[in-house]
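The values are calculated or read from the model by the stated rules, or taken from the named source; none is laboratory data. Please read all numbers here as calculations on a predicted model, not as lab measurements. Neighbour counts run over all protein chains shown; Cβ positions are idealised from the backbone, glycine included. Areas reflect the complete protein model, heavy atoms only, side chains present, ligands, DNA and RNA absent. Shrake-Rupley method; radii C 1.70, N 1.55, O 1.52, S 1.80 Å.
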Amino acid sequence: MNEATAAWLTSPEPGWSLVDLPHTVGTTTFLTGAGEDRVRVVYFRSASDPSLTGKVWFGSAAQGPPGHAHGGSIAAVLDEAMGGAAWVAGYPVVAAEITTRFKRMLPLGAAYRLRAWLVGRQGRKVEARAELLGRHDGLFAESEGLFVELDMDRLQRLAQTATDLAPYLKIRQKAH
């Protein structure tokens, strides 16, 4: 990743603030893993927009078709963003069903925009949508998902294996 892309990736737009999703605090994730060549995602929120916004870069280790991102890496980014939108809204969720539509091949090494938002909630079910956009040239992929909210006891049991339980519980307490 060149310096200009790295600077753009980590710089909030006017009115945006940085968001750390609970599972990304102090650790590498499935997406970013070890090494610098996979995927980099930085999340933001705006006071005027309830959606979760992100900036994304796909490196060579995310390759599928030559020179382009693997569909699984794209789907993983959209999954994480939709789940993240639910978490920052105060709903600790896990994915139950995700559908991703690929609109065109996504070249590696460029930076992209990401947006995820909640569509509805019924009981423990939370519906979300997300889209992956070029910085200047339209839609690359979109996704919709059904997520299931974890109850507090289950969340605490799952989080006991995490190094820091506080980020997970802080999100949940904010909603209630």
Scanning the stretch 50-104 for residues that are hydroxyl-bearing (Ser, Thr, Tyr) and part of a strand (DSSP E or B), which turns out most open to solvent (accessible area, probe 1.4 Å)? Thr99
Arg113: open to solvent by 70 Å² or more (accessible area, probe 1.4 Å) and either modelled with pLDDT of 90 or more or within 16 Å of Trp57 (Cβ to Cβ) (or both), yes or no? no
Result of the Cβ filter at 9 Å on the stretch 86-115, keeping first residues that are among the acidic types (Asp, Glu) and partners that are assigned to a strand (DSSP E or B) and open to solvent by less than 30 Å² (accessible area, probe 1.4 Å), at least 6 apart or interchain, is Glu97/Gly145; Glu97/Phe147
If we ask which residues in the stretch 137-154 are farther than 18 Å from Ala85 by Cα and at pLDDT 85 or above, their number turns out to be 3
Quick one: is Phe30 aromatic (Phe, Trp, Tyr) and modelled with pLDDT of 90 or more? no
